[in-house]
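First up is the structure itself, then whatever we jot down about it.
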Amino acid sequence: MKLGATIFGRYYAADSPVHRMDPRAKLIVALIYMVSAVLAVDMVGVAILAVFTLIAIRASHIPLREVYNSIKPLLFILIFTIILNVFTVNEGTVYWHWGTFTISSGGFRHAVIFTLRVGLMLFGASLLTLTTTTLELTDGIESLLAPLSRIGFPSHEIAMMTSIALRFLPTFLDEGIKIKRAQESRGATFDEGSIIQRTKMLVPLLSPLFASAFRHADELSMAMESRCYHGSEGRTKTHALKMGRNDYIAFAIISVMVILLIIVRLQITGDVGHPA
Amino acid sequence: MSNTKARMSCETKATEGSAVAFVHEDNGASYEGDPVIFNCVTYSYDNKTNALEDISLTVERGQYVAIVGGNGSGKSTLGKLVNALYLPDSGTVTVMGLTTSNEDSVFEIRRRAGLVFQNPDDQMITSLVIDDVSFGPENLGLPVETIKERAAQSLHEVGMDGFERRETYNLSGGQKQRVAIAGILAMNPDLIVLDEPGAMLDPRGRRGIIRVSHELNKAGVTVVLITHFMDEALLADRVVVVDHGKIAMDGTPAEVFVQHERLKELQLDEPFAVRLTAALRERGVYVPYTINENKLMEALCL
Amino acid sequence: MPIVFEHVSYDYNYVSPKEKKRGSKQTDGDTNTSAQALRTPQALNDICIEIPDGQFVGIIGHTGSGKSTLIQHINGLLQPTEGRVIVEGLDLAERANRRLVRKHVGIAFQYPEYQLFATTVEEDVSFGPRNLGLDSAEVDRRVRNALERVGLEYDLVAAKSPFHLSGGQQRRVALAGILAMEPKTLVLDEPMAGLDPKGRADTLALVHRLHAEGLTVVMVSHSMEDVAENAERVLVLEHGTIAMDGKPDEVFSHAEELREMGLGIPQATKFQNLLAKKGFEFKEPVHTLDDLANAIALKLGKRTKEEYLAKAAQVSAEQNETAQADPEAQKNFKNYSAFDALTLEAGEVS
C-alpha cells in the first residue's frame, strides 16, 4: 500500500550489513563514492561504478526497485544532464548545427556517460538515506563535525536540522500534492501557458506550503521543547558509535573501487595521450 | 460544586496561599499538595486581549480532568502554561510544587508534566518510532540501558509493541499519537496534559487515544484532557468549562452536562441523553435531565 | 446532468500485484492519514454510481476505504484505470473535459484553509474565477456573492489577509474560493474536521443552505449523525468497493454489517434499538434525534412533570415491596425516587 511512498530521503527498514554500519563510516564511504565517481569518464569507469553500486544495493537487502522508486522523482536531473550534454559538447562527427547548439557523436557519448554517472550517484546517495535512520545520520554528522564544534561551529544543531529536514520531506511532499490538487480544483493549471504564467502559478502553490512549513516548525519546536530538548549538552547518545567489521569491509571495498577507477582513468589518459 | 478551591475568589485565595506548603526533593520522586495549581493566572498573547483572565484552578492528584471549551476559549493556553511553554503575565502556575516562572524548575516541570499536542505529525521528531520514544529520555541524559527499558515499556503501555523499527511517517494518525504519548511516558511523568489529541484523528483513532489515557490514569498518572468532544469529557472525573479565558463551569460531568440552557449559551455540545431529553420536553414529554442513557431509558420505560 | 461512474476501477500504478497483496493486508489494522492517501491513493474496484442533480450524498467508510480516491475522480484529479466517469455530460477521459469539469464541480479537501495563499481575502477568493478567464466585473460579482453565501461580510473581510482571520473564518474563505467557481456540485471531504461545536454547526448549516439552493452535495464524513441528519443518500465504502448504497434508513438498519466495517450507526438509532429491547415499540426505524423524539412522544403522549413524578413514586413503591419480599431483588434494587426530578436538576445524578 505504501510502496509508492518510497522517495528520496526515506528510511527502508531491514537488517543488513549496510544498515548495521556505523553512520560515520557510511557517510565517509558515501562521500568517497561521490567524489571518486568523477573519475569515471568512460564506459569502463561507469561499469566499475555500476558494479560496486549494485554490490552495495545487494548488501543492503533492499530490492533494486525500491531504490529506483526512491530516486524516481529526481529523474528530471538526469534528463537535464542528457540535454545539456547533447547540445553543448561538440566532439567527433557533427550531426546537426544551429548557433551554439550542436549535436555531435561526442555529445551523445558524453551524454550517456554523464547520465549513467549521475544516475549511479543518485543511487548511491539514495542508498545512504534508505539504510540510515535520521537519528543515526544526525549522530554521524554530529560526530564527524565534532572537531569543528570546538571552534564554535554548531555541529549538533546542523546535524539535528538535517535530520528534521529529512524527517519532514515526505510530509511536505504530501502537502504539496494536496495543495496542487486543491488549486487545480479551482481551475489552476500548472503545465500550460507561458513561462511568466507558470511562474505566477507558483505563488498559490508555494505560499501555502511556506505557511505550512512555518506552522510545522512552530509546533515541532514546542513539541521538542516540551520534551526537554535543550541542545546537545547533557544529551544521551543512545546509539554509541562504534566502527566494526562491516565498516572496515566497506572501507576496503570502496578503496578497491577507487583504485580501479584511478587505474582505468590513467590508462585512458595514457592511451589517448593527452592530459586529463 | 465539587471544587471549592477553584471557585474561591482570588482575594481569598491569595491570603490562603501560604497554607499549602510544598516539599520538593531533588530526586524528583515526591511532592506534597496538588499537582497543578493556577493562582490568579492571566495570560495574553498580544498584551491587548487576555487569552486567560484571572484563572484559579487546582488539579488534584490522580484526577482525570477534562478542560472543555470552544476554539479560542483559552483552553489550549492552559495546557501550555502547565508545561512552562508559556509563562503567566500575572499570577503563578505551580506544577508538582515547582513554579513555572522559576527558570531552574522548567526542565523538571517538563519531565514530570508531559504535553501531547493536537497535530500528530508535528510531534514525530525522528523517523523511527524507537528513536522518537527515546528522544525525551535522551534529553534527560539518562543511561542508554534505562532509555531502552523505558522506551520498550512505554510502547507496551500504549499498545504499540513491535512498532519499534517502524517509520513514524507511515503510521496512522492514531498510532502517531500513541507514539507521542509513549515518548512522554518514557520520561516517567506524574501528569500528562493532552491538548485535543483526537481533533485530527478518525473516530477509531480518537477512541484508542482516550482509552490509553484512562489506562494511564488508572495506573496513577494525573490526566488533563483538553477537548471539545463531549463524549470524551463525559468519561472524566471532573469537567472544567472555559469560555473567553474564564472558567465558566466546574464540576463532575453529571453536574456540568445536565445544564442544558447554560451549555447552549456557551455554544457547547451536549451529551446525547441531554439533547434527547430537551427534545422530548419540547414535545411535552417530561423526563428528568441526565447524562446517562441507561437512566434515561429507565425513565422512558416507566 | 448527473454524475456517472461506469465500472470505475483505480489502481495506484506504482504497486505491482505481488506488492499489492502485501499492502492490502496492512490496510485492515493500519490506516493512512488522509494526506498520505493523496500520494498513494487507495484502490477502487468496479464502482458504478449515478448521482442525480441536487442530491445530498453522504459517503462513509473508515480511513483507507477509498473515499478520498473516489471523490478525486469526480473532477478528474485522478483518472480511472478502468471504466469511465461522466460529469455534466463530459467524459473525463478527455484532458480538455477534465479542465472544463472544474467549473461544474468544486472540491473542498480536508482543512481547505491550508490552501489559502493570497495577501487578501478578495484576491484569494477571486483565484478561481480569474482562472476561468472571466472579466473583472464578473469576477468581482462572484467574489462578493461567494463571500455572502458563506456568511462573511465583503466590506469587513475582503481587504484582510486570510492568515489574520480565525480558524473558522479561514475555512469559510476557503469555501468561498470554491463557491466563486459557481459549481453545480460541491464535494466536501470532512468539512467539519478540527472545528469546535459552534464551527461544526455553522459549517453544517452552510452546507445545508447550499444544498437548499440547488447544489448537488457529496460529503465525506466520519460522523454518522451528520450524515444521517443531512444526506438523502448514503454510500458506504469498504476496500474500494461500494458496500452499501441507499437512503439513510436503509443503510443504518444494517447496524451489524456497519460495525463489522469499523463504522457505527447514529446515536439515535442505537438508542432506539436499546429501547426496543426493553419492550418499547416503534413503528419504524429512526436515525435522527428529532425523529426519535417524535417517535417517543407519539408513543408516550404528553406527560407533565407531576405525572412523571407520580408514576415514578408508584413504580418505586412497587419495587420497594418486591425488594423487601425477595432478598435477591434487593441487590438489584433501583430506587426510582432517587431519580427524582428535583434532585436531578440540582445535578445529583451521575
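The values are calculated or read from the model by the stated rules, or taken from the named source; none is laboratory data. Values in this document were obtained by computation on a predicted structure and should not be read as measured data. Counting neighbours? That spans all protein chains shown, and the Cβs are built from the backbone with ideal geometry, glycine included.
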### Message
Anything in the stretch A:208-262 that is within 11 Å of chain B (Cβ to nearest Cβ), loosely packed, with under 14 Cβ neighbours inside 10 Å, over 30 Å from A:Ile179 (Cβ atoms) and charged (D, E, K, R)? List them, or say none.
### Response
A:Glu233
### C:Ile265 under 19 Å from C:Val187 (Cα atoms), more than 10 Å from chain B (Cβ to nearest Cβ) and among the β-branched types (Val, Ile, Thr)
no
### Task
Find the strands (runs of 3 or more DSSP E) located wholly in the stretch B:216-302 whose residues include 1 or more that are within 12 Å of chain C (Cβ to nearest Cβ) and surrounded by fewer than 22 Cβ atoms within 10 Å (Cβ to Cβ), and list them.
B:238-243, B:246-251
### Message
Being over 19 Å from B:Asp195 (Cα atoms) and within 14 Å of chain C (Cβ to nearest Cβ) narrows it down to one residue among B:Asp89, B:Asp34, B:Asp46; which is it?
### Response
B:Asp46
### Query
Is there any pair with a first residue in the stretch A:9-37 that is under 17 Å from A:Ile57 (Cβ atoms) and away from every other protein chain (no Cβ under 13 Å) and a second that is part of a helix (DSSP H, G or I) and of a type in the set (D, E, K, R) whose Cβ atoms are under 6 Å apart and which are 6 or more apart or on different chains, and what are they?
A:Met21/A:Asp247; A:Ala37/A:Arg117
### Query
From the list A:Phe153, A:Phe172, which one is more than 30 Å from B:Gln118 (Cβ to Cβ) and more than 9 Å from every other protein chain (Cβ to nearest Cβ)?
A:Phe153
### Query
From the residues in the stretch C:97-133 that are in a helix (DSSP H, G or I) and of a type in the set (A, V, I, L, M, F, W, C), which one is farthest from C:Pro191 (Cα to Cα)?
C:Leu100
### Message
Among the residues of the stretch B:198-215, what is the count of those that are more than 14 Å from the chain's Cα centre (by Cα), part of a helix (DSSP H, G or I) and buried (at least 22 other Cβ atoms within 10 Å of the Cβ)?
### Response
2
### Message
Name the single residue that is nearest to the chain's Cα centre (by Cα) among those in the stretch B:85-115 being hydrophobic (A, V, I, L, M, F, W, C) and assigned to a helix (DSSP H, G or I).
### Response
B:Ile109
### Query
Is there any pair with a first residue in the stretch C:64-84 that is within 12 Å of another protein chain (Cβ to nearest Cβ) and a second that is assigned to a helix (DSSP H, G or I) and hydrophobic (A, V, I, L, M, F, W, C) whose Cβ atoms are under 6 Å apart and which are 6 or more apart or on different chains, and what are they?
C:Ser68/C:Ala37; C:Asn75/C:Val101; C:Gly76/C:Val101
### Summary
Counted residues in the stretch C:292-323 being closer than 30 Å to C:Pro248 by Cβ and either of a type in the set (Phe, Trp, Tyr) or facing chain B (nearest Cβ under 10 Å) (or both) come to 11
### Task
Just one of (1) buried (at least 16 other Cβ atoms within 10 Å of the Cβ); (2) modelled with pLDDT of 90 or more; (3) within 12 Å of chain A (Cβ to nearest Cβ); (4) not in a helix (DSSP H, G or I) trips up B:Gly136, so point out which.
(4)
### Query
Which condition breaks for A:Met121 when tested against (1) surrounded by fewer than 22 Cβ atoms within 10 Å (Cβ to Cβ); (2) modelled with pLDDT under 85?
(2)
### Summary
Of the listed residues (A:Ala50, A:Ala56, A:Ala40), the one being surrounded by 20 or more Cβ atoms within 10 Å (Cβ to Cβ), away from chain B (no Cβ under 14 Å), in contact (Cβ under 8 Å) with a residue 40 or more places away in the chain and more than 30 Å from A:Lys237 (Cβ to Cβ) is A:Ala40
### Message
I'd like to verify a number: residues in the stretch B:146-179 that are closer than 24 Å to B:Thr227 by Cα, within 14 Å of chain C (Cβ to nearest Cβ) and in a helix (DSSP H, G or I), how many?
### Response
7
### Message
Among the residues of the stretch B:219-241, are any over 30 Å from B:Asn119 (Cβ atoms) and of a type in the set (A, V, I, L, M, F, W, C)?
### Response
no
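Residues checked against (1) surrounded by 23 or more Cβ atoms within 10 Å (Cβ to Cβ); (2) free of Cβ contacts under 8 Å to residues at least 60 places away in the same chain; (3) facing chain A (nearest Cβ under 8 Å):
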site: C:Ala93; (1), (2), (3): no, yes, no
site: C:Asn97; (1), (2), (3): no, yes, no
site: C:Gln110; (1), (2), (3): no, no, no
site: C:Leu116; (1), (2), (3): yes, no, yes
site: C:Val125; (1), (2), (3): yes, yes, no
site: C:Leu134; (1), (2), (3): no, yes, no
site: C:Asp140; (1), (2), (3): no, yes, no
site: C:Glu148; (1), (2), (3): no, yes, no
### Query
What tally of residues in the stretch C:295-315 results from selecting those that are β-branched (Val, Ile, Thr) and at pLDDT 85 or above?
2
### Message
If the requirement is being out of contact with any Phe, Trp or Tyr (no Cβ under 7 Å at 6 or more places or on another chain), surrounded by 21 or more Cβ atoms within 10 Å (Cβ to Cβ) and under 30 Å from B:Thr168 (Cα atoms), which of these qualifies: A:Leu173, A:Leu169, A:Leu144, A:Leu127?
### Response
A:Leu127
### Query
Quick check: anything in the stretch C:233-253 free of Cβ contacts under 8 Å to residues at least 60 places away in the same chain and over 17 Å from C:Val57 (Cβ atoms)?
yes
### Query
How many of the residues making up the stretch C:184-234 are under 19 Å from C:Val105 (Cβ atoms) and within 14 Å of chain B (Cβ to nearest Cβ)?
4
### Task
Read through the list (1) assigned to a helix (DSSP H, G or I); (2) within 12 Å of another protein chain (Cβ to nearest Cβ), then give the number of the only condition that C:Glu256 fails.
(2)
#### Entry: Qualifying residue in the stretch B:116-127 (condition: at the interface with another protein chain (Cβ under 10 Å from one of its Cβ atoms), touching a residue at least 60 places away in the same chain (Cβ under 8 Å) and out of contact with any Pro (no Cβ under 9 Å at 6 or more places or on another chain))
yes
### Filter result for B:Ser105 (closer than 18 Å to B:Met187 by Cα, surrounded by fewer than 22 Cβ atoms within 10 Å (Cβ to Cβ) and small (Gly, Ala, Ser))
yes
### Query
Tell me, which residue of the stretch B:65-85 that is in contact with a Pro (Cβ under 8 Å, 6 or more places away or on another chain) and buried (at least 24 other Cβ atoms within 10 Å of the Cβ) is farthest from the other protein chains (Cβ to nearest Cβ)?
B:Ala66
### Message
Among the residues of the stretch C:241-249, are any under 30 Å from B:Glu196 (Cα atoms) and under 17 Å from the mean Cα position of the chain (by Cα)?
### Response
no
